[in-house]
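In what follows, a single structure is set out as structure tokens and then discussed.
A short reminder: the numbers here are calculations on the coordinates, not readings from a lab. Quick caveat, the model's predicted, so the values are computed rather than measured. So basically every Cβ, Gly included, is an ideal-geometry build from the backbone, and we count neighbours across all protein chains shown.
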Amino acid sequence: MITIGELRPDDRADWAELFRGYTHFYGRELPADIRERTWWELRNGDRIHALAARLDDRVVGIAHFLVHASTTSPDVCYLQDLFTAPEARGKGVGRALIQAVERFARDRGCSRVYWHTKEDNRAARRLYDGVAENHGFIHYVIPL
């Protein structure tokens, strides 16, 4: 049975492994100070939030998200990172995390939850196409 809850202090090693898997998937390697800051921010829960999915009391999925203002609606929730351990894929972990983020956003009066993924991330897109609408936006970035 999948349970969703906040990250606990003793989840750090499992979280770090999943977060490394997430960043590796997207071709990034984060310096230790960024990982440390991210862990601190997630545990603090003021600016960014995290949920953990557990199977048999082991963290097998993570979601990182934040709420921000919008010029055209009430606040919105951005699901920045979603990752499931390879051995837990296909068991509903990603869907359960998305639903939990959706509940979090609804409880805070947000008008929507949104996220991005790579166009060729077909496995994730099968899930995403079943739980959300693709509005066809193209993502541009100016690295600073």
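Quote the FRET efficiency, to the nearest 0.05, computed for residue 108 versus residue 133 with a Förster distance R0 of 22 Å and r equal to the Cβ-Cβ distance.
Once rounded, the FRET efficiency stands at 0.60.
Over the chain, calculate the relative contact order: mean separation of alpha carbon pairs under 8 Å at least 6 apart, over the residue count, as a percent.
Values: 191 pairs, mean separation 29.8, N = 144.
Relative contact order for the chain comes out at 21 percent.
Helix-only estimate, please: 222 nm mean residue ellipticity of the chain, summing -39500 (n - 2.57) across DSSP H runs of length 4 or more and dividing by its residues, to the nearest 500.
That calculation yields -11500 deg cm²/dmol at 222 nm.
Tell me, in nm to one decimal, what length is gained between residue 41 and residue 1 on full extension, where the rule is 0.36 nm per residue of separation less the Cα-Cα distance? Could the numbers behind the result be given before it?
Values: separation 40, 0.36 × 40 = 14.40 nm, distance 2.83 nm.
Full extension of this stretch gives 11.6 nm more.
List the residue ranges in the chain for DSSP H helices whose C-alpha atoms run 15 angstrom or more along the long axis and whose Kyte-Doolittle average is -1.0 or above.
Values: long enough: 12-25 (19 Å, -0.68); 32-44 (18 Å, -1.53); 93-107 (21 Å, 0.03).
TM-like helix candidates: 12-25, 93-107.
Show me the GluC sites (Glu not before Pro) within segment 45-144 that DSSP assigns to loop and that have at most 10 other Cβ atoms within 10 Å of their Cβ. Intermediate results must be reported in sequence, preceding the final value.
Values: sites: 87, 102, 119, 133; in loops: 119, 133.
Taking segment 45-144 and a limit of 10 other Cβ atoms within 10 Å, the loop GluC sites (Glu not before Pro) found are 119, 133.
In segment 1-80, which chymotrypsin sites (Phe, Trp or Tyr not before Pro) are in a loop and have at most 12 other Cβ atoms within 10 Å, using DSSP for the loop call?
26
What is the distance in Å between the Cα centroid of segment 77-144 and that of segment 1-61?
The distance from the Cα centre of segment 77-144 to that of segment 1-61 comes to 16 Å.
So which GluC sites (Glu not before Pro) in segment 2-53 are both in a DSSP loop and have at most 12 other Cβ atoms within 10 Å of their Cβ?
Loop-located and lightly packed - 6, 29.
Mind pulling the per residue volume of the convex hull built on the Cα atoms of segment 51-144? Å³ is fine. Intermediate results must be reported in sequence, preceding the final value.
Numbers: hull volume 12.1 nm³, N = 94.
Each residue corresponds to 129 Å³ of Cα convex hull volume.
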